[in-house]
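For reference, the structure discussed in these notes is given below.
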Amino acid sequence: MIVTAAEPNDVTTLLDFRDQAAAWLRSLGSDQWSRPYPADKLLATIEAGTVFMLRDGQATAGTITVSQNAEAGLWTDGELREPSMFINKLTIAREYAGQDHGGHLLDWAGDRAHRVGALWLRLDAWTSNAALQRYYLAHGFSHVRTVREGTAVNGGPRVSGWLAQRVAQAADHGFVDAATATIRVQFAV
């Protein structure tokens, strides 16, 4: 399988992934991703070069977003001064589920973060999704804290405030990386 940068024509695929993932999560009793995601916001992240696709021939097996930008109000000023890359929207197509492609994408993201000088690979996960939290813990992340409603910097509700991180490190993720030129940040370490 190969990892490529997403292209504007991937918006429909990504929105379909999100809808499929939301339906699957609903079947498990979670309200995660129940609100529609704005296509224009997704297109902006694609154009910013932060969205990556896992391709299996002509099929798309998964996606992950990797950025130097943290969700506002979650991480402390001190944490934000540490060279970090942030991941979100990790989604695997249901027909590729159960093969740990998500775990390998996390390794790929950690490898990319390491190569640009980041010390940490960080994420925020759905606060009420204990299974997802266990998934990240099983893939080497450590829980930092949970930001709950009213405790965020802006005082607003936090549905995705379970914070975790792991050391950014070189990894043998098993994918062909065809997205090498798209990371536009280099941390000084």
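So here's what we get for this one:
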{"item": "Residue exposure sequence - Ile46, Ile87 - by fewest surrounding Cβ within 10 Å", "result": "Ile46, Ile87"}
{"item": "Among Gly29, Gly57, Gly73 - extreme Cα towards positive end, dipole of the stretch 1-88, charges at beta-carbon", "result": "Gly29"}
{"item": "Distance (nanometres) between label positions extended 7 Å along Cα→Cβ at Leu15 and Ile2", "result": "2.7 nm"}
{"item": "Order of Trp162, Trp126 under a 10 Å beta carbon neighbour criterion, fewest first", "result": "Trp126, Trp162"}
{"item": "The stretch 1-152: C-alpha gyration tensor shape, a/c 1.5 cut-off, then a/b vs b/c", "result": "rounded"}
{"item": "Inter-site label distance for Ala170 and Thr146 at 7 Å from Cα along Cβ, in nm", "result": "3.8 nm"}
{"item": "Amide H partners (placed H, <5 Å) of Phe86, local residues excluded", "result": "Ser67, Gln68, Asn69, Arg122"}
{"item": "Separation in nanometres of the label points that stand 7 Å from Cα toward Cβ, at Leu28 and Asp100", "result": "1.8 nm"}
{"item": "Inter-centroid distance (Cα atoms) of the stretch 73-94 relative to the stretch 97-126, Å", "result": "10 Å"}
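All of the numbers you see were taken from the coordinates with simple rules; none came from a lab. These numbers were taken from a predicted model, which means no experiment stands behind them. Quick reminder, even Gly has a Cβ in these numbers, built from the backbone with ideal geometry, and neighbours come from all protein chains shown.
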